[in-house]
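Readers should treat all values here as calculations from the given coordinates under stated rules, not as data from a laboratory. These numbers come from a predicted model, not from an experiment. All Cβ positions, glycine included, derive from the backbone under ideal geometry; neighbour counts span all protein chains shown.
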Amino acid sequence: MNVLIVQPGSPPAAKEIGEGLSAMQAVVGGPIQAVYPFKEPVALICHEEGKLLGLPLNRCLRMEDTGEIYDIIAGTFLLCSAPPDRDRFESLTPEQITHYAQRFQHPEYFPAVRHD
C-alpha cells in the first residue's frame, strides 16, 4: 500500500508498506486510530495513545475555512485512502501523495510547556 508517512520534525515521505494492521502499527509505533479530517476519503492513521504517552507533537489539524487549529497529532502518522465503499484502507494516488506532501511539507515546532 502506498502511503505518506509524516514524522515529527521531518518532511513527509512516500513509502510502500504492507496492507495489514501490523504494518500500520509498525509505522506509528503501537495501536492505531483512524481520523478523517479531510473532505476527500483519506484517513490519517496515528497512534491511538500518542498524546497520553507524551509522543512528540507533530502537525496541527486546522479548520478548512478559518485555519484555526482544532487538534494536534502526536507521534508519527500516515495517510492512506479510505474509500467509503470498501472495508479496508488502500493506496493513495500519486496526485494525493503530491497534495498531502505539500500540505504537511513544513514541520511544526511546539514550545515546551513547563510545569513549575
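Would you work out the charge dipole size for region 31-116 about its Cα centre, treating the Cβ of every Lys and Arg as +1 and the Cβ of every Asp and Glu as -1, and quote it to the nearest 20 debye?
On the way: 8 positive and 13 negative charges, 41 e Å.
Dipole about the Cα centre, nearest 20: 200 debye.
Could you tell me which residue out of Ala82, Thr98, Tyr36 lies farthest along the dipole of the chain toward its positive end? Charges go on the beta carbon: Lys and Arg +1, Asp and Glu -1, centred on the Cα centre.
Comparing the listed Cα positions along the dipole, Thr98 ranks first.
Simple spin-label model, 7 Å along Cα-to-Cβ: Leu53 to Asp85 in nm?
Distance between label points: 3.6 nm.
With θ taken as phi - 60° and the coefficients 6.51, -1.76 and 1.60, list the Karplus ³J(HN,Hα) couplings across region 10-15 in order, rounded to whole Hz; mark glycine and proline as x.
Coupling constants for region 10-15: 10, x, x, 9, 6, 8 Hz.
Using just the alpha carbons, could you tell me how many Å³ per residue the convex hull of region 1-55 encloses? Kindly include the intermediate steps, with their values, before the conclusion.
Values: hull volume 5.1 nm³, N = 55.
Hull volume over Cα atoms, normalised by residue count, gives 92 Å³.
For n ≥ 4 DSSP H runs only, could you compute -39500 (n - 2.57) per run for the chain, divide by its residues and tell me the 222 nm figure to the nearest 500?
Details: 2 runs with 18 residues, N = 116.
For the chain, the value works out to -4500 deg cm²/dmol.
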